[in-house]
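Readers should treat all values here as calculations from the given coordinates under stated rules, not as data from a laboratory. Nothing here was measured: the structure is a model prediction, and the numbers come from that model. With ideal geometry, Cβ positions are generated from the backbone for all residues, glycine too; neighbour counts draw on all protein chains shown.
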Amino acid sequence: MTGSYGVEDRFARITITFSVLLLLLGGIFGLAQVINRAPYFELPSFLEVSPKTYYTFLTGHGVFLAVAIPIFWITGFTAYLAPRVLGKNLRGGLLRLSLLMMFAGAIMAAAAILSGRSAVLYTFYAPLKAHPLFYLGAALLVLGSWVFAAAFFLQYLEWRRENRGRGTPIAVYGLLTTFIVWIEATVPLVIDVLKNLLPMSLFGAKVDALEARTWFWFFGHPLVYFWLLPIVTLWYYMIPKMLGVRIFSEKMARVAFIMFIIASTPVGLHHQLVDPGVSAVYKYLQVLLTLVVASPSLLTAFNILATMEMGGKARGGGALSWILKQPWGNPVYAGLAVTFIVFGIGGLTGIINAGYQLNLLVHNTTWIVGHFHMTVATIVAVGYIAATYSLLAELFGKGVKWPRLALAQPYLWLVGILIFSFSYYIAGMEGAPRRMLNIEGAGGPPIPSEWIYTLQLGAVGGIVMSASGALAVLVFFYSLLRGGIAVARIAPNPHPEEGDPYHPLLENWRLWIAVAIVLILVAYIPTFYELYSRGLAPVSPVGV
Amino acid sequence: MAIFPRKLEEWYKPLASVDKTWIAASVVIALVMATTTLAWSFADPSHQVPTETFEVAPAEFREMASSFADKYRGSTIPEGTEIYLAAVQWAWIPKELRLKAGVTYKVVISSGDVLHGFSLIGDDGTVYNLMVMPGMAYVMYIKFDKPGVYEIRCNEFCGLGHQGMVGRIIVEG
């Protein structure tokens, strides 16, 4: 079966290997940051960085780990899995075009960042100005991913025509959701780049800061679900498969995915709750929608836990001992379960960020940093890596060389992230700002003592997380060189016992996409009407 | 394919009751949280996002804040004075404000160039964060109950000197 997907597999091998390389680079940046921002850390001089290097690293850390890795890894993973689930090829020409565009974009953006001329951070808020290649590269990377999405959608529509009345298998169902959300997310990004950021960077055109920021978060929040959804897919697909049971509720899983399609996008204003110039009513409307998007996460938590319970009991567990009966010794299962637990905590803290008043307390503090390292960072460094371990055998034909180290990796991360994020949560509630180099060196008044030990403890957590990331990179490349054993099978079982359930309403993508568009319009038309009817206030671009 | 399938019975298969219960529970949880956060707006008016804003050119606002700073340098700001606070790369104008405890001041805050963050941090545990945008001003009404020193730190990245952007408010008895 593997032989017939040569083009897809080559695509996947390239993008997934590249993702692991980016993890190495972005991880080194992260380590440099966390130790340099901790107050009174006595660092040897070769580890101390200048402000320019610090903010360049910070930009690279965000862009490589949170934008580039998800795009490359998710397209690669989809190119591997979707053809095997549907039994259909992706169009080779589109794959090649997409790979070319994504790499060209990534290299342009990386050059703009690493040259030190684009230290505008991952949010690139106008009127701070980066090198034009930064925006061009980002746009090209995104457009390349659209070409991949087109190949995937075409493949699915073909499958659907040939399989009328059959339910979409859950793995493809989740990946389709991922790419639908991705298109919802990136349209506003492309508008922002073309309308505001490129003219600003190329010709020094004036730009309205609030308008650009609103387009950014219109993109920035659904981006979060793009990172997350492949992992939700893997929870629904791999956890029952590895436990030898079915999902507790196939329907509820699909209801959750549909809720993600509907509610992921019209929530970006919860990043702008303390912005001047946006009506409190529109802010509150999107707070409400944000809390609605917590629902599919709650559905997932319930469904996956119930599946784990069924699986644990099938393996001989009792009322509570089913927890012990999980395959905790399997690196792939351990990675997915750790992601599930950590994401659960991170998701709850996200509800606090989105609270209309609580945001006043935590906005732009290290609380936020604690939050998104429990969500996105864990998804990338543990979730994607767990799936990559199993791909080492099936996709790369190598297997895992050191399965024990691979197993230690997610647990080491768990220890690190708990220390890091909880320290940063506490520091944030005490007002410690995010995105800031060594505060005590700034010549201001002495910093609150609560910041000192929490940020130092955060650095300890960060070092443990870096060690876990280093293990992942080491295991991956050493396994490529030496080969090893298969740890879990990710490709679908050849003869599924039962077909996937068919619910026409849950297969009606057109309906749900239409609902999503209506909700996006309801959420954003008032905001943009407010902006444009008041008249924009364009300001001149400024260098970093 | 039409948006709605042709016949109801083709797609209508009810969810199991445990599924329905949990879906309902998750929606109820979301609604409870939404209600609480709204109710808090009315329950605690002291910690709110200001709603009064107006457009102002960054250069013009910087001028307003500079002349305000010159006028009140080193002196306590009298009751009834409109305060201008500008965030610029990489300082607060004025760098220091001397206010009287128990007096409500009107403070207008905006940026002279790029995005900044207004983070007010007191040793009594006060933490209050707002965005500062070029082109748009916030109008805040603030009152400090007790004397003390409050720091104003920029907490939105604004360029390479960001970490040094610290100001303060001294509240006198």
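Tell me, what is the percent relative contact order of chain A, built from C-alpha pairs under 8 Å that lie six or more residues apart?
Taking the mean separation of contacting Cα pairs over the length of chain A, I get 20 percent.
Using Cβ counts within 10 Å as a stand-in for footprinting exposure, how do A:I379, A:I170, A:I323 rank, fewest first?
Ascending number of Cβ neighbours within 10 Å: A:I323, A:I170, A:I379.
Each label point is 7 Å from the Cα along the Cα-to-Cβ direction; what then is the distance between the points at B:V28 and A:I525, in nm?
Using points 7 Å along Cα→Cβ, the separation is 3.4 nm.
Hey, if you drop one equal point scatterer on each alpha-carbon of region A:197-288 and run the Debye formula without solvent, what base-10 log of I(q)/I(0) do you get at q = 0.10, 0.14, 0.24 Å⁻¹?
Computed log10 I(q)/I(0) values: -0.43, -0.68, -1.15.
Kindly work out what percent of the DSSP beta bridges joining two residues of the protein assembly as shown are antiparallel, to the nearest 5.
Counting DSSP beta bridges with both partners in the protein assembly as shown, the antiparallel share is about 70 percent.
Tell me the mean residue ellipticity at 222 nm calculated for the protein assembly as shown from its helices only (DSSP H runs of n ≥ 4, each -39500 (n - 2.57), averaged over every residue, nearest 500).
Calculated from helices alone, the mean residue ellipticity at 222 nm is -19500 deg cm²/dmol.
Could you list A:H503, A:H270, B:H162 so that the one with the fewest beta carbons within 10 Å of its beta carbon is first and the one with the most is last?
In order of increasing Cβ crowding within 10 Å: A:H503, A:H270, B:H162.
Restricting to Cα pairs below 8 Å that are 6+ residues apart, what does the relative contact order work out to for chain B? Please round to a whole percent.
22 percent
Output the pairs from A:K195/A:K283; A:K195/B:K71; A:K129/B:K100; A:K241/B:K20 with a Cα-Cα distance over 32 Å in this structure; if there are none, say none.
The answer is A:K195/B:K71; A:K129/B:K100.
Could you compute how fast region B:48-148 diffuses translationally, taking Rh as the Kirkwood radius over C-alpha pairs and applying Stokes-Einstein at 10 °C with viscosity 1.306 mPa s? Give it in µm² per second.
Translational D for this selection: 114 µm²/s.
What is the packing order of peptides B:24-31, B:38-45, taking the mean over residues of other C-beta atoms within 10 Å and listing the highest first?
Ranked by mean Cβ neighbours within 10 Å, highest first: B:24-31, B:38-45.
Setting aside same-chain residues fewer than 8 positions from A:K398, which aspartates and glutamates have a Cα under 17 Å from its Cα?
Here the aspartates and glutamates satisfying the reach criterion relative to A:K398 are A:D9.
Can you tell me the orientation of helix B:58-72 relative to chain B, as the angle in degrees between its alpha-carbon axis and the longest Cα principal axis, to the nearest 10?
40 degrees
Scan chain A and note any complete DSSP helix (H) whose C-alpha atoms cover at least 24 Å along its axis and whose Kyte-Doolittle average is 0.5 or more.
A:6-37, A:69-86, A:92-114, A:132-162, A:170-192, A:209-243, A:280-314, A:331-353, A:403-429, A:449-482, A:509-534
What FRET efficiency, computed as 1/(1 + (r/R0)^6) with R0 = 41 Å and r the Cβ-Cβ distance, is obtained for A:R10 and A:F41, rounded to the nearest 0.05?
The value I calculate is 0.35.
With the calculation restricted to Cα positions, what are the radius of gyration and Dmax of region A:1-158 in angstrom?
Cα radius of gyration and Dmax of region A:1-158 are 18.2, 61 Å respectively.
May I ask for the equivalent-ellipsoid semi-axes of chain A, computed as the square root of five times each C-alpha gyration tensor eigenvalue and listed largest first in whole Å?
Whole-Å semi-axes of the equivalent ellipsoid: 35, 28, 24.
Assign unit charges at the C-beta atoms only (+1 for Lys and Arg, -1 for Asp and Glu), then state the dipole size of the protein assembly as shown relative to its Cα centre in Debye, rounded to the nearest 20.
For the protein assembly as shown, the charge dipole is close to 1960 debye.
Which net charge results for the neighbourhood of A:F420, defined as the other residues with beta-carbon distances under 15 angstrom from its beta-carbon, given Lys and Arg at +1 and Asp and Glu at -1?
Combined, the nearby Lys, Arg, Asp and Glu give +2.
Name the residue from A:V278, A:G335, A:V187 whose Cα lies farthest towards the positive end of the charge dipole of chain A, charges +1 on Cβ of Lys and Arg and -1 on Cβ of Asp and Glu.
So the residue furthest toward the plus end is A:G335.
Based only on other Cβ atoms within 10 Å, what is the fewest-to-most ordering of B:D124, A:D500?
Lowest to highest Cβ neighbour count: B:D124, A:D500.
Provide the net charge surrounding A:L471, with neighbours chosen by a C-beta distance below 13 Å and charges set as Lys +1, Arg +1, Asp -1, Glu -1.
+2
Across the residues of B:19-29, average count of Cβ atoms on other protein chains within 10 Å?
That average works out to 6.
A:V518 to B:A39: FRET efficiency via 1/(1 + (r/R0)^6), r the Cβ-Cβ distance, R0 30 Å, to the nearest 0.05?
0.60
Of all DSSP beta bridges located in region B:52-172, what percent are antiparallel, nearest 5?
About 70 percent, rounded to the nearest 5.
Putting +1 on Lys and Arg Cβ atoms and -1 on Asp and Glu Cβ atoms, find which of B:I77, B:T126, B:C154 reaches farthest to the positive end of the dipole of region B:52-172.
Farthest towards the positive end: B:I77.
Among A:L47, A:I14, A:I28, which residue has its Cα furthest toward the positive end of the charge dipole of region A:7-73, with +1 on Lys/Arg Cβ and -1 on Asp/Glu Cβ?
Towards the positive end, the residue furthest out is A:I14.
Could you give the length gained on full extension between B:K143 and B:I170, defined as 0.36 nm per residue of separation minus the Cα-Cα distance, in nm?
8.5 nm
Can you list residues whose amide H is under 5 Å from A:T365's amide H, if they're 5+ apart or on another chain and H is modeled 1.01 Å from N?
HN-HN under 5 Å from A:T365: A:R434.
Counting partner chain Cβ atoms within 10 Å of every residue's Cβ in A:288-297, what's the average?
Taking all residues of A:288-297 together, the mean is 5.
Under a plain spin-label model, where a point goes 7 Å from the Cα along Cα-to-Cβ, how far apart in nm are B:A101 and A:R489?
7.4 nm
So between B:E79 and B:E55, what do we pick up on full extension, going 0.36 nm a residue minus the alpha carbon distance?
Between B:E79 and B:E55, full extension yields 6.1 nm more.
Using 0.36 nm per residue, how much length does the chain from A:L194 to A:S50 gain when fully extended, once their Cα-Cα distance is taken away?
Once the chain is fully extended between A:L194 and A:S50, it gains 48.6 nm.
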